[in-house]
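What follows draws every value from the coordinates through simple rules; no lab data is involved. From a predicted model like this one, the values you see are computed outputs, not experimental measurements. Cβ placement follows ideal geometry from the backbone for every residue including glycine, while neighbour counts extend to all protein chains displayed.
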Amino acid sequence: MITPQDEQAIDKFFYTLSEVMNSAEIAQLLSFYHLPSVFVSDEEKTVCSTPDQVSSRLLALFAHSNNIEKIEHQATVVHVMSLSDSILFAKVDWRICDENNQMCTTCSTSYTLERGGMHGFDIIVSVIDEEERALDDLQAQIGA
């Protein structure tokens, strides 16, 4: 069962994650991920056992946005459920906006989280297929 305190902590976690995503600091993003971490997309399932592997996977995901002028990620936690005492599942809707806070695209990402870590939780699994497609589409729109 998810308590109101858990819900607040998860909201805070994803708010903080979105701020770090907006800064595009891979070293800071690493602090949100458990080792090992798994990234799941349509094309691949990648298990990252070292900080360098997680960094490489994050760089690949956000390489799309490096070619786009300043974008902002805004998270809305849609659903949270407890899988065990220490493991939670969260579905997050991401709103990706331009520098004028105009919405460019949206996507959903699912996360499996473990309690603990520097930010209250660590990401164990990220299902990023929608996020990859959204960033690809955004780059194509802006590049066109």
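Once the Cβ-Cβ distance between Thr3 and Met118 is put in as r, and R0 is 30 Å, what FRET efficiency do you end up with, to the nearest 0.05?
0.90
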Item checked: Proxy reagent accessibility, fewest Cβ within 10 Å first, across Val77, Val54 -> Val77, Val54
Notebook entry, point to check: Shape of the chain from its Cα gyration tensor (a ≥ b ≥ c, root eigenvalues): rounded if a/c is under 1.5, otherwise prolate when a/b > b/c, or oblate?
Noted result: prolate
Note to self: Need one number: % antiparallel among DSSP beta bridges in the chain, to the nearest 5.
What the structure shows: 90 percent
Checklist line | Residue among Gln141, Val54, Cys107 farthest towards the positive dipole end of segment 4-143, charges placed on Cβ | finding: Val54
Note to self: Along the Cα→Cβ direction, 7 angstrom out, place labels at Ala140 and Ser55. What is the inter-label distance in nm?
What the structure shows: 3.2 nm
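Give, as a single signed number, the net charge of other residues whose beta carbon lies under 12 Å from the beta carbon of Glu19, with Lys and Arg counted +1 and Asp and Glu -1.
Within the 12 Å Cβ shell, the charges total -1.
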Item checked: Dipole magnitude of the chain, debye to nearest 20 (Cβ charges: Lys/Arg +1, Asp/Glu -1, about Cα centre) -> 240 debye
